[in-house]
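Engineer: I'd like to ask some things about the structure below.
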Amino acid sequence: MFLSNLPTVLRMAVDPRLMRFVLGLHQDLSRRQRVPMLKYAKGLLAMARGERIIRFDGRYVLSSFIPPLPSRAFSTFLKATETSEGGKGLLHDLAQGWRLAPLSTYLQVTQRCNLSCAHCSAKFAALSGELNTSDWTAIIGALQDLGTAYLGFTGGEPLLRQDLEKLIAAADDRSVTILFTNGFELSSERARALKDTGLFALSVSLDSSSQQKHNETRSHPEAFRRALDAISFARKAGLYTVVQSVIPQRELSKDNLFELFRLVHAHGAHEVRVHQPAAAGRLLDDLDCEGVFLTEEDRLKLVDIQSQANRKLFGFPRVSSFPYTEGPEKFGCTAGLLHSYVTAQGDLTPCDFVPLSFGNVLTENLADIYRRMRQSMGPPKLRCVARRLAPYLVGKALPIPPTESAGFCDCVQSEGCPEVFRLLREMF
């Protein structure tokens, strides 16, 4: 664990509200099979491995990919498991990846956008009409009833929907909510309104500390300035403020990323999430383009940069990266298992970068679709499956229809167990 975590960990150790919550979870886990407290603590810390833990609004963010502690949403995440026939209990099922619901589901509430980015995963389907308020409210309710603990509102550009606040307000505290935006339409007033509806986190896309490079990536001369303004608005409104950065291979360096981290920290960001370019959108048409996709060596370089940044106590936000979180060192890829995505037309897919439809949530029972998807996708993978799947998707109409999706899953299976799941299995 990083020394930069020490002040927060010490505070956690004397926080009576957190301790009551953690002990209550331990009792739930131990109902069928006793879980030694030391192994239980080790399992919790595994979720924070490689991360800088921060305290926000009276709660603790171990990783922005799971709900904060303590929260009802974290309990939702832990308890949304499928009881095994062997009757070995909740922890056993969690470690095997047997679940009743995904941990997180992102909702593409619109395909409309005011920018045009080559890497945008929303470009895989032709622009069509979007679901109305009551449709999305029903979907949100169904996901919460199923046991989804983290709801993401994305697009396109979700701020283009005038009923966005109503959609966010439809989710109760069984889930935490995060909004993904390019920031172009965010004002200080709307940031406060989003906070008042119950939004937990707001994530702004910013790919570079260079105004020119970001504007070129987002195809708009005002994209950089609007993104920085949005970061400040979100922080001042009291939202957990995240910056999402898609970093191509040619821009992957410690100097570039540290400059970006300092810039967004100065504007109020609590966290930066670093993404590697995925084979989606217009990038799916050129899988061999130079200077874009990361190699395994590049991935390890990014993991090291993340580690160096999180060791710093001052002047930097916390830094997380998808290549680390979805790598063998952490959770691995859990698309279709811990994560899912609902398209603007209502199709349930493993994630926005894995356009395999397993059914439409407007016409079929959500639990049945999720069960079918989880069984087809299989256990957690050591790495993100989107790149491995991409060559099979070139030239096809997306998303792949439910009648064909299960067949595509055979090409993304892998051996091995990601570290967090390995540690969980050691606990029983």
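Engineer: What is the extension gain from GLU296 to ARG250, computed as 0.36 nm multiplied by their sequence separation minus the C-alpha to C-alpha distance, in nm to one decimal?
Structural biologist: Computed gain between GLU296 and ARG250 is 15.1 nm.
Engineer: Same structure, new question: Quick one: ranking TRP98, TRP136 by accessible area, 1.4 Å probe, largest first, what do you get?
Structural biologist: Descending order: TRP98, TRP136.
Engineer: Suppose each label sits 7 Å from its Cα in the direction of the beta carbon; what would the LYS396-ARG72 distance come out to in nanometres?
Structural biologist: 4.0
Engineer: Calculate, for ASN360 and ARG31, the FRET efficiency according to 1/(1 + (r/R0)^6) with r their C-beta to C-beta distance and R0 41 Å; round to the nearest 0.05.
Structural biologist: Computed FRET efficiency for ASN360 and ARG31 comes out at 0.65.
Engineer: Using only the alpha-carbon atoms, what does the range 91-143 span along each of its principal axes? Please give whole angstrom values in decreasing order.
Structural biologist: Result for the range 91-143: principal-axis Cα extents of 45, 30, 16 Å.
Engineer: Would you mind classifying the range 318-369 by shape? Square roots of the alpha carbon gyration tensor eigenvalues, ordered a ≥ b ≥ c; an a/c under 1.5 is rounded, otherwise it is prolate if a/b is larger than b/c and oblate if not.
Structural biologist: Prolate.
Engineer: Using a 1.4 Å probe on the protein chains only, how many percent of the accessible area of the chain belongs to carbon and sulfur?
Structural biologist: Roughly 52 percent, rounded to a whole number.
Engineer: Another question, if that's okay. When ligands, DNA and RNA are left out and all protein chains stay put, how many square angstrom of accessible area per residue does the chain have with a 1.4 Å probe?
Structural biologist: 40
Engineer: Can you find, among SER75, VAL412, GLY395, the residue farthest towards the positive end of the dipole of the chain? Put +1 on the C-beta of Lys and Arg, -1 on that of Asp and Glu.
Structural biologist: SER75
Engineer: A further question follows. Quick one: how many Å² of TYR106 are accessible to a 1.4 Å probe, rounded to 10?
Structural biologist: For TYR106, solvent-accessible area is about 30 Å².
Engineer: What is the mean projected area of the alpha carbon convex hull for the range 1-133, to one decimal in square nanometres?
Structural biologist: If you wrap the Cα atoms of the range 1-133 in a convex hull and average its projections, you get 12.2 nm².
Engineer: Testing the spin-label approximation: label points 7 Å from Cα along Cα→Cβ at ARG422 and ALA193. State their distance in nm.
Structural biologist: Reported label-point gap for ARG422 and ALA193 is 4.9 nm.
Engineer: May I ask for the Rg/Rh ratio of the range 122-184, computed from Cα atoms with Rh as the Kirkwood radius, given to two decimals?
Structural biologist: 0.96
Engineer: How long is the gain from ALA142 to LYS213 if the chain were fully straight, where each residue apart is worth 0.36 nm and the alpha carbon distance is subtracted?
Structural biologist: Answer, rounded to one decimal: 21.5 nm.
Engineer: How much accessible surface does HIS220 have with a 1.4 Å probe, in Å² rounded to 10?
Structural biologist: About 50 Å², rounded to the nearest 10.
Engineer: In units of 2.2 N^0.38 Å, what is the alpha-carbon radius of gyration of the range 278-428?
Structural biologist: 1.14
Engineer: What accessible surface, in Å², does a 1.4 Å probe find on ILE139, ignoring ligands, DNA and RNA and rounding to the nearest 10?
Structural biologist: 10
Engineer: Something else now. Which of PRO248, HIS220, ALA237 sits farthest toward the positive end of the charge dipole of the range 205-255, with +1 on the Cβ of Lys and Arg and -1 on the Cβ of Asp and Glu?
Structural biologist: So the residue furthest toward the plus end is ALA237.
Engineer: Here is a further query. When the expected Rg is taken as 2.2 N^0.38 Å, what fraction or multiple of it is the alpha-carbon Rg of the chain?
Structural biologist: The reported ratio for this selection is 0.92.
Engineer: Continuing with this model, one more query. For the range 292-368, build the charge dipole from Cβ charges (+1 Lys, Arg; -1 Asp, Glu) around the Cα centre, then report which of LEU337, GLN308, THR295 sits farthest towards its positive end.
Structural biologist: Looking along the dipole axis, the top candidate is GLN308.
The values are calculated or read from the model by the stated rules, or taken from the named source; none is laboratory data. None of the values given here were measured: they were computed from a predicted structure. Neighbour counts run over all protein chains shown; Cβ positions are idealised from the backbone, glycine included. Keep in mind that these areas ignore ligands, DNA and RNA; they rest on the heavy atoms of the full protein, side chains included. Shrake-Rupley method; radii C 1.70, N 1.55, O 1.52, S 1.80 Å.
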